[in-house]
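Q: To start, I am sharing the structure in question, which I have written as structure tokens.
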Amino acid sequence: MLIQLDAVNEKSNEIEQNDSIVRKDDRQLNLAKPPGPDDLSATPSDGPRQPILKEYPYTVIGEKRRAFNSSWYKQYPWLEYSLTSDAAFCFACRHFAVSGETRFTVDGWTNWKKASYSDSGFSLHNTCDSHLNSMIFWCEYNNIKNSGAGNVMQLQNDAYAMQVIENRHYVKTIAEVLLLTATQNLAQRGHRELLNDIGKNPGNFKKLLTLVVRHDPALSARFLDGETVTRYTCPTIQNEILATLADMVRRGIINDVKTSKYFTILLDESKDVSKKEQVSFVLRFFDNKCVRECFVDFKPASSLDAESLSSLVLKTLSSYGLDVKAHLVGQGYDGAAVMSGIHKGVQKRVRDSAPYAVYVHCYAHRLNLVLVDACKSVTAAADFFALLEHLYVFTSGSLMHLKWVEAQQDLYPNDAPRQLQRLSDTRWSCRAVACKNIRDRLDALVSFLEDISEDSDSERAVEAKGLLAQLDFKFVLMLNVFCDLLGKIHGVSMQLQSATLDTGKAVLLVESLVESLKEFRISDSAIDQFFTLAEMQCNKSGIEAKFHTATRRVNRVRRMPPTLNSSVVLQSVGQRDAVDSKESFKQHVFYVILDSMIGELENRFSSNASSVMLGIQCLNPIDESFLDLTKMGEFIQFYGGNAEDITHEAYQLKKLLSRTKNDHPVATMLELAIFLKPYSIAFHELYRLLIIALVLPVSTASCERSFSAMKLIKKTIFVAQCVMTD
């Protein structure tokens with residue numbers, strides 16, 4: 001919030017500077033020498049110059065000598081006399097008159113004969129409007145001066161400063177109300193935005209502003225009826241203030257990136273509600289003892305080919321003033337061919353301009369692909385999830401959904417109803433949630449299908465009977481197996497989506513997942529536990545807790561192609577092995593699913609063995625290869641490190657860590673970077689490589705989160721209003 005309000009202060013400072021220029025000119029005019037001879041008063045504080053002489057210069061008019069008389073001072077206190085010009089002047093008009101007689105301000109009165117006439121001279125001037133106004137100003141000046149409040153210039157400055165404070169307070173209030181509506185996802189505009197049409201919904205922004213003004217007397221003056229003042233409430237100014245706040249936040253992020261020096265770019269694209277392709281830009285960098293991923297902007301993509309996207313990336317980063325060639329050390333995208341192509345993809349074109357920008361395929365996307373491929377490649381798993389999808393479709397209708405909720409409320413009156421999930425290859429957690437919801441509400445699902453199977457609607461009843469027939473012991477067994485497996489994968493997937501996770505931790509998470517699946521495969525107690533849970537759930541739901549052995553006609557034996565004689569064929573196309581016992585389930589379902597997942601994990605994460613990833617692992621304090629320079633060679637060379645300096649630094653670092661291991665234990669790369677921060681000059685090369693390793697991307701989940709925010713902002717009604725405005 002402080003960063004955003006500083007933007008408002010900056011805007012106010014610009015207005016203040018412009019106003020100060022005008023006021024400076026006014027002050028210069030006020031401080032200019034008043035009209036008249038030099039021997040008269042120069043400033044209002046001098047008072048009238050009223051010299052008293054024994055004899056004043058005289059002028060012969062007719063036969064008499066005429067001269068100035070000092071007794072006139074008492075009769076006319078504003079009178080002052082100039083010896084050099086032998087003329088009388090008006091002190092008040094010289095210093096305070098906007099416009100008046102030049103005879104009493106510039107030329108002076110010299111006709112002493114008519115000076116005391118009632119219809120001329122001093123008497124006539126004493127009653128004119130311009131003189132009376134000047135006298136009022138002179139009196140006010142004396143009152144201010146005598147009260148000790150300071151001079152007029154000081155009062156002008158104080159009034160100006162107070163006006164600036166009031167303006168800033170008002171603009172900050174406008175900005176805070178806008179921020180409230182923006183952060184709370186409230187629409188700012190209304191059908192009619194006139195304040196006198198409050199009953200016709202002027203919008204959330206003006207409603208909230210009216211409420212704040214009602215409790216703030218300093219702001220209420222701007223909203224008095226009939227007053228014409230600048231309120232800064234029109235839609236254009238609202239957008240300008242929000243854009244100013246966004247620019248300030250963006251500039252703050254870019255400054256932090258420049259201070260950090262090394263950074264990586266995360267990129268993903270998605271269509272908004274107007275079907276325009278929007279590219280999300282997220283920067284990852286090390287700052288203030290932590291790894292940060294900050295969204296900076298959405299950019300519309302004119303085309304989705306590699307050349308256009310790479311050009312957009314480079315131009316956007318250059319517009320931020322970032323040194324792409326020297327400081328862009330990584331780029332993270334999904335696995336689309338246009339992004340990951342090694343010859344003409346976006347990552348290759350970006351590396352042509354930024355040679356250190358190594359490409360990292362999003363770990364979370366890769367883990368999701370493991371799950372999707374495993375579910376599609378194993379026949380039993382594909383059948384299981386197809387049945388889950390059919391159950392979702394059957395219960396998603398309005399009438400069926402109502403009955404499904406009623407069935408849950410009958411059996412679980414104190415719990416909130418569960419909804420069956422639609423399966424998707426791109427939503428990472430939907431399969432785990434779908435399995436968990438059915439497992440926890442299996443008895444309610446069976447009761448629901450039994451009721452629908454007796455419905456008067458024949459088509460619906462037949463479909464319910466078909467689904468009910470599929471909910472057998474094998475289905476319940478697989479439900480428990482996938483709840484356990486998907487739970488393990490879901491936990492790792494959520495950790496991989498963390499913005500602060502580094503590549504070293506990501507590799508360890510994947511390796512630990514593979515190890516746990518391998519241990520799971522060789523454990524006999526795990527499969528026994530699944531059978532026990534399945535039997536309990538079947539008994540609770542009224543399902544027969546045993547495998548069904550269907551009688552089939554004997555098919556002819558299929559002959560394998562001669563080309564496969566030297567191969568081990570696990571399963572042929574169109575042939576399914578019967579699952580009618582515990583051993584057959586283990587052999588044809590359980591082991592096959594686990595082997596498929598383990599194989600996909602090892603295949604899709606095999607790139608972890610690249611030279612860069614091996615070098616990163618050598619910077620992990622708990623890794624066996626910590627500071628192993630033989631494995632770090634290519635990593636050091638890729639990022640232009642000095643191998644000789646790193647050799648000496650590694651030796652000294654090991655000694656330093658051994659001396660401080662009790663006081664400052666170091667277990668992660670982040671902790672090592674924080675530990676080395678005070679010694680960054682002594683361990684310059686190692687600290688530099690460590691920062692690069694920390695900022696290398698792990699996942700593009702931050703981009704996905706920005707798309708969720710985009711959907712909240714760019715709604716159908718918003719786009720329609722923008723089109724109408726254009």
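Q: Select from segment 479-504 the residues that are of a type in the set (Gly, Ala, Ser) and surrounded by 16 or more Cβ atoms within 10 Å (Cβ to Cβ) and write down the one among them that is farthest from ILE616 (Cα to Cα).
A: Keep residues of segment 479-504 that are of a type in the set (Gly, Ala, Ser), which gives 487, 491, 493, 498-499, 504.
Narrowing further to those that are surrounded by 16 or more Cβ atoms within 10 Å (Cβ to Cβ): 493, 498-499, 504.
On the way: SER493: 21, SER498: 19, ALA499: 18, GLY504: 7 Å.
For segment 479-504, the residue satisfying everything is SER493.
Q: I'd like the residue in segment 39-56 that is within 25 Å of ILE136 (Cα to Cα) and of a type in the set (Asp, Glu) and, out of all such residues, is surrounded by the fewest Cβ atoms within 10 Å (Cβ to Cβ).
A: Our first condition is that a residue be within 25 Å of ILE136 (Cα to Cα); within segment 39-56, this holds for 39-51.
Of the ones still in play, those that are also of a type in the set (Asp, Glu) are 39, 46.
Values: ASP39: 14, ASP46: 12.
Looking at the filtered set, the residue picked out is ASP46.
Q: I've got another one for you. Just checking, how many residues over segment 283-331 are over 18 Å from LYS348 (Cα atoms) and among the aliphatic types (A, V, I, L, M)?
A: Residues flagged as over 18 Å from LYS348 (Cα atoms) and among the aliphatic types (A, V, I, L, M) within segment 283-331 amount to 5.
Q: Next question. With (1) at pLDDT below 80; (2) part of a helix (DSSP H, G or I); (3) closer than 14 Å to LEU178 by Cβ as the list, and ARG231 as the residue in question, which single condition is left unmet?
A: (2)
Q: Return the pairs, sorted by first residue and then second, in which the second residue is among the hydroxyl-bearing types (Ser, Thr, Tyr), the first residue lies in segment 625-636 and is within 10 Å of ALA650 (Cα to Cα), the beta carbons are less than 9 Å apart, and the residues are 6+ apart or on different chains.
A: From residues that are within 10 Å of ALA650 (Cα to Cα), the pairs are LEU627/TYR651; LEU629/THR647.
Residue by residue, here is whether (1) in a helix (DSSP H, G or I); (2) more than 19 Å from GLN421 (Cα to Cα) holds:
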{"position": "VAL433", "(1), (2)": "yes, no"}
{"position": "VAL446", "(1), (2)": "yes, no"}
{"position": "ALA461", "(1), (2)": "yes, yes"}
{"position": "GLY466", "(1), (2)": "yes, yes"}
{"position": "LEU477", "(1), (2)": "yes, yes"}
{"position": "LEU486", "(1), (2)": "yes, no"}
{"position": "LEU501", "(1), (2)": "no, yes"}
{"position": "GLU511", "(1), (2)": "yes, yes"}
{"position": "ALA526", "(1), (2)": "yes, yes"}
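Q: Residues being crowded, with 17+ Cβ neighbours inside 10 Å and touching a residue at least 40 places away in the same chain (Cβ under 8 Å): count how many of those fall in segment 98-118.
A: 4
Q: Another question about this same structure. Considering LYS206, LYS271, LYS275, LYS289, which residue is of a type in the set (D, E, K, R) and under 30 Å from TYR687 (Cα atoms)? Step through it out loud before you land on a result.
A: Working: LYS206 fails: under 30 Å from TYR687 (Cα atoms); LYS271 fails: under 30 Å from TYR687 (Cα atoms); LYS275 fails: under 30 Å from TYR687 (Cα atoms).
Step by step, each of LYS206, LYS271, LYS275, LYS289 is checked, and only LYS289 is of a type in the set (D, E, K, R) and under 30 Å from TYR687 (Cα atoms).
Q: Does ASP272 satisfy the condition of being modelled with pLDDT under 90 and within 18 Å of CYS703 (Cα to Cα)? Quick ask: steps written out before the conclusion?
A: Values: modelled with pLDDT under 90: yes; within 18 Å of CYS703 (Cα to Cα): yes.
Criteria met by ASP272.
Results for (1) out of contact with any Leu (no Cβ under 9 Å at 6 or more places or on another chain); (2) in a helix (DSSP H, G or I); (3) charged (D, E, K, R); (4) modelled with pLDDT of 85 or more, shown as yes or no for each residue.
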site	(1), (2), (3), (4)
TYR170	no, yes, no, yes
LEU178	no, yes, no, yes
LEU186	no, no, no, no
ARG192	yes, no, yes, no
THR244	yes, yes, no, yes
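Q: Here is a further query. Those residues that are of a type in the set (Val, Ile, Thr) and touching a Lys or Arg at 6+ places or on another chain (Cβ under 8 Å), I need them from segment 438-470; list them, please. Show your work before the answer.
A: The first filter runs over segment 438-470 and keeps only residues of a type in the set (Val, Ile, Thr), leaving 438, 446, 452, 462.
Hit for segment 438-470 is ILE452, nothing else.
Q: Whether any residue in segment 229-236 is touching a residue at least 12 places away in the same chain (Cβ under 8 Å), in contact with a helix residue (DSSP H, G or I) (Cβ under 7 Å, 6 or more places away or on another chain) and either among the charged types (D, E, K, R) or at negative phi (or both) is what I want to check.
A: Yes, that holds for at least one residue.
Q: Right, something else. Would segment 448-460 turn up any residue that is more than 44 Å from the chain's Cα centre (by Cα) and under 15 Å from VAL476 (Cα atoms)? Reasoning before the result, please.
A: At the first step, the residues of segment 448-460 found to be more than 44 Å from the chain's Cα centre (by Cα) are 448-460.
Then keep just the ones that are under 15 Å from VAL476 (Cα atoms); that gives none.
No - not one qualifying residue is present in segment 448-460.
The values are calculated or read from the model by the stated rules, or taken from the named source; none is laboratory data. If you're wondering where the values come from, they're calculated on a predicted model, not measured in any experiment. We place every Cβ from the backbone using ideal geometry, glycine too, and count neighbours over all the protein chains shown.
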